[in-house]
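J.: My questions all concern the structure below.
The values are calculated or read from the model by the stated rules, or taken from the named source; none is laboratory data. Note that the coordinates shown come from a computational prediction; the quantities given were computed from them, not determined experimentally. For accessibility, only protein heavy atoms count, side chains too; no ligands or nucleic acids. Shrake-Rupley method; radii C 1.70, N 1.55, O 1.52, S 1.80 Å.
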Amino acid sequence: MAITTPQTDAPLQQGALLTPGEVAVLFRVDPKTVTRWAQAGKLSAVRTLGGHRRFHEAEVRQLLQGVPQQRSAE
């Protein structure tokens with residue numbers, strides 16, 4: 001079931017939202033670190049009705065492009 005706007009009945013175009021755990025896996029850090037980043041303003045978050053943080057996937061992916069990749073052990 002798609003969410004629609006009352007004016008147009010068109011589905012809302014929203015990007016995917018990620019949990020702190022999902023973001024943590026992408027950055028290879030602890031989920032608490034992701035929460036601290038949000039509190040410090042380094043990463044923007046939205047709150048669910050239950051008060052949980054969610055992060056926009058597009059923003060997370062953009063930040064990931066700026067993170068240096070780990071070199072493999074030789």
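J.: At a probe radius of 1.4 Å, what is the per-residue accessible area of Leu64, in Å² to the nearest 10?
T.: 40 Å²
J.: Which order do Phe55, Phe27 take when ranked by solvent-accessible area (1.4 Å probe, heavy atoms of all protein chains), largest first?
T.: Output order, biggest surface exposure first: Phe27, Phe55.
J.: So between Leu64 and Lys42, what do we pick up on full extension, going 0.36 nm a residue minus the alpha carbon distance?
T.: 6.6 nm
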